[in-house]
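All remarks here apply to the structure that follows.
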Amino acid sequence: MFDLGAAGAAGLNIEGGVNHLGWISKYSPIDNDERGDYLARPLYYGMLAFSLASRGHFVGVESDVAGTAFKAYAVLGNDGRLWLTLINKDASRQAEVTLVPPPSFASGDVIRLTAPSMDSTSHVTLGGPRSRVTVNGLQKNARA
């Protein structure tokens, strides 16, 4: 989504939902546990992270990451806040990052999208280990 946004795409379609056999697609961002409860899947958390960090316009970001699966994106929000998104797609390598923001930016916050592994289908969080998405939205400090 960030690659498309940085390239100027106006939108993105993600196929999902109930397929022609009546099964919920494994690519759907929302799952039904067959007891009437709906759950956010990992794709949903990625989409939520993108929606938080992409409101504004993409700006150039310099990064020295040649030959790695590490990407950096910067969005100057409509409210003047700078959103920097760092994505490491290489499970075997950690990335050491040094941020050098413009002088007008004096502080920042970190929102992490985490999971036990890159192919996890559960226990994904955005904003901390005790945050989860429910039918009513993002719950902070929810019971696991």
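For the range 81-127, the gyration tensor built on C-alpha atoms gives an oblate shape. Its axis ratio a/c (a ≥ b ≥ c) is at least 1.5, and a/b is not larger than b/c. Site pair Phe58 and Ile14 shows an inter-label distance of 1.7 nm when each label is modelled 7 Å from Cα along Cα→Cβ.
Neighbours of Leu86 by Cβ distance under 15 Å: Lys/Arg scored +1, Asp/Glu scored -1, total -2.
If you take all other residues with their beta carbon under 11 Å from the beta carbon of Gly67, and give Lys and Arg +1 and Asp and Glu -1, the sum is -1.
Going 7 Å from the Cα of Asn88 in the Cα-to-Cβ direction, what parts of the range 38-65 have a backbone nitrogen less than 17 Å from that spot? 63-65, by backbone N distance to the label point.
Over the range 2-139, the hull volume per residue, using the convex hull of the C-alpha atoms, is 155 Å³.
If I stretch the segment between Ala7 and Lys71 completely, what's the gain in nm (0.36 nm per residue apart, minus their alpha carbon distance), one decimal? Difference between extended and current length: 21.6 nm.
Values in this text are rule-based calculations from the coordinates and carry no lab data. Predicted, not measured: the structure shown is a model, and the values here were computed from it. Positions of Cβ are generated from backbone atoms using ideal geometry, with glycine treated the same way; all protein chains shown enter the neighbour counts.
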